[in-house]
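Here's the structure we're looking at; comments come further down.
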Amino acid sequence: MRDTLIRKSQNNHMTIHVLLGIICGLLVERLYPSEEAKKLVLIGVLGNIFPDGDHLLYWFYYGRKTEYSKMVKQLLRKFKLRGVWRFCTNNHKELTSLYSHNLAAPLLTFVPFLYFQNNDTHIYLQIFLLSWTVHYIYDILEDLLMLGHLNPNWYFHFKK
Ligand SMILES: [Zn+2]
């Protein structure tokens with residue numbers, strides 16, 4: 001059972017992020033039915049994918065000297081996009097130094113979500129923040145599932 005879940009989560013990581021984004025969009029749509037559902041879902045999806053934009057910063061900026069980044073860039077230079085995809089699918093749990101993936105991050109996104117939710121303002125931002133928070137929750141649960149513990153980046157321990 002655990003092995004099946006691990007395999008499914010590993011092979012469908014980004015698809016799951018997209019689905020979670022759709023769910024966040026639809027949840028907020030329930031609260032504000034007058035808003036256009038398609039737009040809310042799109043914002044939900046963007047909010048769930050956005051935090052992984054940090055991978056780009058890692059590859060090309062603060063983690064550019066790591067073997068992981070070198071490997072990705074080598075594949076990118078050869079335009080082996082499927083290779084990049086496969087490499088990241090199989091190894092993204094080895095990437096333990098994403099600055100944005102730490103335990104403070106979901107609080108920093110969830111608290112403003114609650115604030116706007118309470119005040120009934122900034123509906124689009126609400127979805128984005130909720131979906132962004134849910135991204136971290138899924139990543140955390142996936143760490144627990146696959147590794148049995150959280151990767152050190154969640155505790156602000158970043159490998160250099
Ligand atoms: Zn992530």
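If you average the sequence gap of Cα pairs under 8 Å that are 6 or more apart and divide by the length of segment 2-155, what percent do you get for the contact order? Once divided by the residue count of segment 2-155, the mean separation gives 29 percent.
Residues of the chain were split at every exposed loop site, defined as GluC sites (Glu not before Pro) in a DSSP loop with at most 14 other C-beta atoms within 10 angstrom, and the longest piece left, sites excluded, is 95-160. Between the Cα long axis of helix 81-91 and the first principal axis of the chain there is an angle of about 90°, rounded to the nearest 10. You can think of it this way: the chain between Ile16 and Leu141 has 43.8 nm of extra reach, that is 0.36 nm per residue less the Cα-Cα gap. Once C-alpha pairs closer than 8 Å and six or more residues apart are averaged by separation and normalised to the residue number of segment 1-93, the relative contact order reads 23 percent.
Which trypsin sites (Lys or Arg not before Pro) from segment 1-69 combine a DSSP loop assignment with at most 11 other Cβ atoms within 10 Å? Of the trypsin sites (Lys or Arg not before Pro), the ones in loops of segment 1-69 whose Cβ has at most 11 other Cβ atoms within 10 Å are Lys65. Taking 0.36 nm per residue of sequence separation and removing the Cα-Cα distance, the Gln74/Phe156 pair yields an extension gain of 26.7 nm. Structure remark: mean-square fluctuation, Gaussian network model of the chain, C-alpha springs under 10 Å; the largest value among Phe128, Phe79, Phe60 belongs to Phe79.
Lys pairs in segment 2-155, Cα-Cα under 28 Å, at least 8 apart or on separate chains: how many? Within segment 2-155, the lysine pair count is 15. The long axis of helix 2-11 is offset from the longest Cα principal axis of the chain by roughly 90 degrees. When Trp59, Trp85 are arranged by Cβ crowding within 10 Å, least crowded first, meaning fewest neighbours, the order is Trp85, Trp59. A simple charge model with +1 on the Cβ of Lys and Arg, -1 on the Cβ of Asp and Glu and nothing else charged puts the dipole of the chain at about 1020 debye relative to its Cα centre. Net charge of the neighbourhood of Pro152, taken over other residues with C-beta under 11 Å away and scored Lys/Arg +1, Asp/Glu -1, is 0.
Mind telling me which of Tyr115, Tyr136, Tyr62 comes out most flexible in a GNM of the chain, alpha-carbon contacts under 10 Å? Fluctuation is largest for Tyr115. Against the main long axis of the alpha-carbon atoms of the chain, helix 13-31 sits at an angle near 10°. The fewest-to-most ranking of Leu26, Leu20, Leu46 by surrounding Cβ atoms within 10 Å reads Leu26, Leu46, Leu20.
All of the numbers you see were taken from the coordinates with simple rules; none came from a lab. All values derive from a computational prediction rather than experimental measurement. As a convention, Cβ positions derive from the backbone with ideal geometry for all residues, glycine included, and neighbour counts pool all protein chains shown.
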